[in-house]
1. Counting residues that are in contact (Cβ under 8 Å) with a residue 40 or more places away in the chain and surrounded by 18 or more Cβ atoms within 10 Å (Cβ to Cβ), which helices (runs of 4 or more DSSP H) fully inside the range B:211-280 reach at least 2?
2. Starting from residues that are under 20 Å from A:Arg110 (Cβ atoms) and without any contact (Cβ under 8 Å) to a residue 40 or more places away in the chain, keep the ones in the range A:133-157 and report whichever is surrounded by the fewest Cβ atoms within 10 Å (Cβ to Cβ).
3. Determine whether A:Leu4 is hydrophobic (A, V, I, L, M, F, W, C), surrounded by 22 or more Cβ atoms within 10 Å (Cβ to Cβ), in contact with a helix residue (DSSP H, G or I) (Cβ under 6 Å, 6 or more places away or on another chain) and under 23 Å from A:Arg146 (Cα atoms).
4. Among the residues of the range A:85-123, what is the count of those that are facing chain B (nearest Cβ under 10 Å) and within 31 Å of the chain's Cα centre (by Cα)?
5. Farther than 30 Å from B:Gly214 by Cα and in the same structural domain as A:Leu183 (by TED's automatic domain parsing): is that true of A:Arg66 in this structure?
6. So if I check each of A:Ile252, A:Ile176, A:Ile149, A:Ile204, which one is modelled with pLDDT of 90 or more and touching a Lys or Arg at 6+ places or on another chain (Cβ under 9 Å)?
7. Could you list, in sequence order, the residues of the range A:158-190 that are free of Cβ contacts under 8 Å to residues at least 24 places away in the same chain and β-branched (Val, Ile, Thr)?
8. Step by step: first the residues of the range A:293-348, then only those that are on the phi > 0 side of the Ramachandran plot and not in a strand (DSSP E or B), then the one that is nearest to the chain's Cα centre (by Cα). Which residue is that?
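The values are calculated or read from the model by the stated rules, or taken from the named source; none is laboratory data. Quick caveat, the model's predicted, so the values are computed rather than measured. Quick reminder, even Gly has a Cβ in these numbers, built from the backbone with ideal geometry, and neighbours come from all protein chains shown.
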Amino acid sequence: MAELILKNLCKAFGDLSVVNDISLELTGGELMVLLGPSGCGKTTLLRLIAGLEATDSGEIFIAGRRVDQLRPKDRNIAMVFQNYSLYPHMTVEKNLAFPLKIASVGKEERQQRVEAVAEMLSLSEKLKARPAQLSGGQRQRVALGRAIIRQPDLFLLDEPLSNLDADLRTRMRHEIVALQKKLGITTVHVTHDQAEALTMADRIAVINNGRIEQVGTPETLYKNPANLFVAQFIGQPKINLIDARIERHLLIPFGLSMLNLNIDRDKSRLLAGLRPEAITICSDGEFVADVVGNEYFGSEHVVTLDFQGATIVASGASKQYAIGQSINFSIDSGALLFFDPENGRRLDKS
Amino acid sequence: MTERIEKQRKPKREAPLIMRQGEIMPWLFILPALIIIIIYIAYPTIYTAFLSLRNADSSAWATAACREGQACWGIFENYRYAITSDTMLRAFRNNILWLVVMVPGVTIGGLLLAVLVDRVKYESVAKALIFMPMAISFVGAAIIWGFVYDYPINPDNPNAPIIGLHNAIIVNFGGRPIPWLSSAPWINNFALIFVGIWINTGFSMTILSAAVKGVPKELLEASRIDGASEWHVFWKILIPMILPTITVVLTTLTIFTLKMFDVIYVMTGGNFETNVIANRMYQEMYVNFEAGRAAAIAIVLLILIIPVLFYNIRSFRQQEAIR
């Protein structure tokens, strides 16, 4: 199991800085998800690791070996592309065997390993087929198979699930994680889909504007985001943000005593963040709001409320509320997160 | 009862409009094209085939040209000349030489340039320059190269100016000028073929460059990550991916080469053993006034080109199907 270390990586295209002083360490066998909006530099970062782009500065180590000056073929990595990039003129068998053939692996061993990988990925029936004759999920599997057959040090996945339909995507998430754990190959997975990141990752690195905003386990990122960007980017429905202020030790508009809240410095204006599930609609709640919208998700209703001019969303409601209806709700004050409205930093972080 | 039967029969007697359209309408649509093809392609071809069986001025069957005591193929006498005469065999040999040297030369040169220009910043300028010879007429190109290959009238006179570029270079380095266009049969034929390569490389580069650009960049990147060297990427990924286009270029060039005429006509006039089939056809028609022989050569040329043409159309369709 090989660890991956990135030290102060920088990459600019002309004047546009795409990867900005990124440092990151992956332990052997870890699955790290690079999560961020499109254009944030996550794919460029992956391409830097792969060697498809040259770094401007910084160092990359794979299994203790410095690789940033090496060509892709010498880095002992494997990559799955968004559109699979199968060789259309080769059969599935030849596609799988290609990395071995290039590495001059003997014919018999090649055959054995192709069969083993095909077996593992349920592709044994399709070995003679061409990529064009396969379904999206099967192509995805061939791409995975071609990546793992060489037993690389590092596994790079560039949005491998984004071309699949929703049902298949969920299934492949599990398959990839299971495969990754079974093989124990250190993996970097790039996605813009937070659900994918939360379900698959050992740790997530949230990237924005070429910088790492926060690195942590999915749970840390959700419950204890380092800043406003991470809080807003992770979570569906999105976190509620309410303009708040402190007046005589009271948090307006909630009227909570600030003595119980963990804020380390005085701030007259701040943004209060509250996850939708921390808002409970109940008849004895201490706050009053008007219902402005309803969304039904089968297992729950998500209700949009107008609370003193702020639009907030409550999830987990058990029934539908009429629009315009006035309701009471309570909040889990322990789940409140406070941000500096000017720079988005957490104010209450320990 | 009879009423019902009549009702059932009625549609049989008058087929629905749409079915009657099916018999006539398609023909109406292709009629203009059909008329043009018949007048300008089918009729001349058939008439040429007819002329190839007639004598020099088409006044009698070709049998009339037979001489006592010599071989005679009856009405196919013109074909005996077109296929077995020394002059024609030499033209065939030269055409084969053109095929064997020019077609691979142009294809490999074009492919090399297509791959190389893909990697430079000033790609469009480089491509425009290489494509330029295509824009010059063959006659113009042949005249330009006539100067390049020029041989001084009196090579032993040290004061005579040397116009030919190649000979000027050779003389400058202390060599003796070479009669490029009259050293039969190897130097002059290769000199001519080189002009053909110079003209056509731009064509193959342009087509192959489009094909190279059509190969998804990610496929090449994927193969590099899979451990392939640039050599492997070229042979295992790029070439197989553009193989259909290479086939089209090869066959198109084969047809070009079989029809090659202008360069030879302008530069040597077919002298010094440089004649090819198309030149022979022209000479029979307009120099020797042997219409029958010219027609027979034309038919031989047509028969040689047809299989290549069919293959070309088929691979072009396959290429379209892949897209």
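1. Values: elements: B:217-225, B:239-258, B:262-267.
Where helices (runs of 4 or more DSSP H) fall fully within the range B:211-280 and carry at least 2 residues being in contact (Cβ under 8 Å) with a residue 40 or more places away in the chain and surrounded by 18 or more Cβ atoms within 10 Å (Cβ to Cβ), they are B:239-258, B:262-267.
2. Kept after step one, since they are under 20 Å from A:Arg110 (Cβ atoms), are these residues of the range A:133-157: A:141-152.
Of the ones still in play, those that are also without any contact (Cβ under 8 Å) to a residue 40 or more places away in the chain are A:141, A:151.
On the way: A:Arg141: 24, A:Gln151: 11.
In this case the residue turns out to be A:Gln151.
3. Working: hydrophobic (A, V, I, L, M, F, W, C): yes; surrounded by 22 or more Cβ atoms within 10 Å (Cβ to Cβ): yes; in contact with a helix residue (DSSP H, G or I) (Cβ under 6 Å, 6 or more places away or on another chain): no; under 23 Å from A:Arg146 (Cα atoms): yes.
Taking the combined requirement at face value, the residue does not satisfy it.
4. Matching residues across the range A:85-123 total 7.
5. Values: farther than 30 Å from B:Gly214 by Cα: yes; in the same structural domain as A:Leu183 (by TED's automatic domain parsing): yes.
Yes; evaluated as a whole, the condition is true for this residue.
6. On the way: A:Ile252 fails: modelled with pLDDT of 90 or more; A:Ile176 fails: touching a Lys or Arg at 6+ places or on another chain (Cβ under 9 Å); A:Ile204 fails: touching a Lys or Arg at 6+ places or on another chain (Cβ under 9 Å).
Only one candidate passes the filter, namely A:Ile149.
7. A:Thr170 - this is the single residue of the range A:158-190 that is free of Cβ contacts under 8 Å to residues at least 24 places away in the same chain and β-branched (Val, Ile, Thr).
8. A:Gly344
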